[in-house]
Amino acid sequence: MHLLIPAAGLGKRMGGDRNKLLLTLLKRPLLTWTLRAAEASERITWIGIMGQSYDFKAFREILREANLSKPVELIEGGVTRQESVYNGLQGLPEGAEGVLIHDGARCLATPQLFDRCAIALESCSGLIAAVPVKDTIKVVGDGGIIQSTPDRANLWAAQTPQGFEVKLLKECHEKGKQLGWEVTDDAALFERCDLPVEIVQGEETNLKITTPVDLAIAEFILQNRS
Ligand code: C5P
C-alpha cells in the first residue's frame with residue numbers, strides 16, 4: 001500500500017510561521033512520529049511526503065535520523081492541502097492501485113490504524129477513518145445565530161488515513177481542479193463525484209495537531225504509551 005503524507009502546511013493556527021511538523025514532541029519532530037507509525041505498519045510499502053521545498057533540508061535530516069526501511073519520496077507541495085495531495089498523486093509510482101493519505105499533523109495514528117484502513121481498501125474504493133462526535137454540533141449562520149442542530153447520531157468526525165483507488169481519486173482531483181471545488185479532505189471530492197466513501201473506525205487519540213493545546217495533549221498521550 002502506498003502512503004501519501006501532506007506535510008506542506010504553515011501551521012498558522014499554531015501561532016508560528018514555521019511548519020508545525022518540525023516542532024518537537026518528546027524531543028522528536030512531529031513528522032518523525034508520523035513516519036515511525038508508517039514504518040511500523042505491516043501494509044505500507046512506499047511513502048511520499050508532500051512538503052514546501054524550503055522544508056526539504058529539514059525533512060531529509062528527519063529521514064536520515066529515522067532511518068526507515070521503506071522507500072520515501074519527497075514531493076513538492078502546493079498552496080492548499082488539496083493541491084499538495086494533487087501533486088502527491090502525480091508523484092505515485094507507476095501502477096499504484098491503492099493509496100492512503102494521512103496528514104503529517106496526525107502524528108499519533110497507530111500502525112494498526114494504517115493496517116485496518118489498508119485491509120478495508122481491498123474491498124471498497126474509498127474510505128476514511130472517523131469517530132462518532134461526542135459534542136452536540138450547531139450550524140451557525142451570519143451574526144453568530146444558530147441555524148440548526150443536526151442529529152448527533154449521524155455525525156462522525158473525519159480523520160485520516162483516508163484511502164482510495166488511485167485511478168478514481170485522480171479523476172476526482174482533476175474534476176475538482178477544473179470546476180474550482182475547494183475541499184479540506186479527499187473524501188469530499190469523492191462525495192461530490194457521487195462515489196461511495198466508507199467509514200473505518202478511527203482512534204480517539206488520532207488528534208490533528210493544530211494549536212499549542214493539542215501539542216500538550218499529544219505529549220501526554222505519547223508519554224503514557226511508552
Ligand atoms: O492546516 P491543517 O492542519 O488542516 O493541514 C492538514 C495537513 O495538510 C497538515 O499535515 C499539513 O501539513 C498539510 N498541508 C499541506 N499543504 C498545504 C496545507 C496543509 O500538505 N498547502
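Of the accessible area of region 1-43, computed with a 1.4 Å probe over protein heavy atoms only, carbon and sulfur atoms account for 48 percent.
With a cut-off of 19 Å, note down the residues of region 79-114 whose backbone N falls inside the zone around a label point 7 Å from the Cα of Lys170 toward its beta carbon. Those under the cut-off are 82-102.
Tally the DSSP beta bridges in region 75-226 and give the antiparallel ones as a percent, rounded to 5. Roughly 75 percent of the DSSP beta bridges within region 75-226 come out antiparallel.
Surface composition of region 66-201: carbon plus sulfur atoms contribute 49% of the solvent-accessible area (1.4 Å probe, protein chains only, all chains present). Phi angles across region 114-126 convert, under the Karplus curve 6.51 cos²θ - 1.76 cosθ + 1.60 with θ = phi - 60°, into 3J(HN,Hα) values of 4, 5, 4, 5, 4, 5, 4, 6, 6, 10, 8, 10, x Hz, Gly and Pro given as x. Rounded to the nearest Hz, the phi-derived 3J(HN,Hα) couplings of region 193-205 under the Karplus curve 6.51 cos²θ - 1.76 cosθ + 1.60 (θ = phi - 60°) are 8, 6, 9, x, 10, 8, 9, 10, 4, x, 10, 4, 8, where x marks glycine and proline. In order along region 97-102, the Karplus-derived 3J(HN,Hα) couplings, from 6.51 cos²θ - 1.76 cosθ + 1.60 at θ = phi - 60°, round to 9, x, 9, 9, 10, 9 Hz, and Gly and Pro are given as x. Dividing the helix sum by the residues of the chain, where each DSSP H run of 4 or more adds -39500 (n - 2.57), gives a mean residue ellipticity at 222 nm of -10500 deg cm²/dmol. Each listed q (0.10, 0.15 Å⁻¹) maps to a log10 I(q)/I(0) for the chain, found by the Debye formula over equal Cα scatterers with no solvent: -0.45, -1.03. The H on the amide N of Val131, modeled in the peptide plane, is under 5 Å from the matching H of Ala157, Gln159, Gly202, each at least 5 residues off or on a different chain. Proximity of backbone amide H atoms, modeled 1.01 Å from N, is registered between Cys107 and Ile209 at under 5 Å, excluding neighbours fewer than 5 places apart on the same chain.
With contacts taken as Cα pairs under 8 Å and at least 6 residues apart, region 20-68 reaches a relative contact order of 37 percent.
Say R0 is 35 Å: what FRET efficiency, to the nearest 0.05, do Ser69 and Ile137 get from their beta-carbon distance? It comes to 0.25. Once all protein chains are placed together, Trp46 keeps about 30 Å² accessible to a 1.4 angstrom probe.
The H on the amide N of Ile75, modeled in the peptide plane, is under 5 Å from the matching H of Ile49, Met50, Gly51, each at least 5 residues off or on a different chain.
At a probe radius of 1.4 angstrom, the accessible area of the chain per residue rounds to 52 square angstrom. What does the charge count near Trp46 come to, summing +1 for each Lys or Arg and -1 for each Asp or Glu among other residues with Cβ under 13 Å from its Cβ? For residues surrounding Trp46, the net value is -2.
Summary value for the chain: 24 percent relative contact order, contacts being C-alpha pairs under 8 angstrom separated by 6+ residues.
The values are calculated or read from the model by the stated rules, or taken from the named source; none is laboratory data. Here the structure is a predicted model, which means the values were calculated and not measured. Cβ sites come from the backbone with ideal geometry, for glycine too, and all protein chains shown count toward neighbours. The area values use the complete protein model at the heavy-atom level, side chains included, leaving out ligands, DNA and RNA. Shrake-Rupley method; radii C 1.70, N 1.55, O 1.52, S 1.80 Å.
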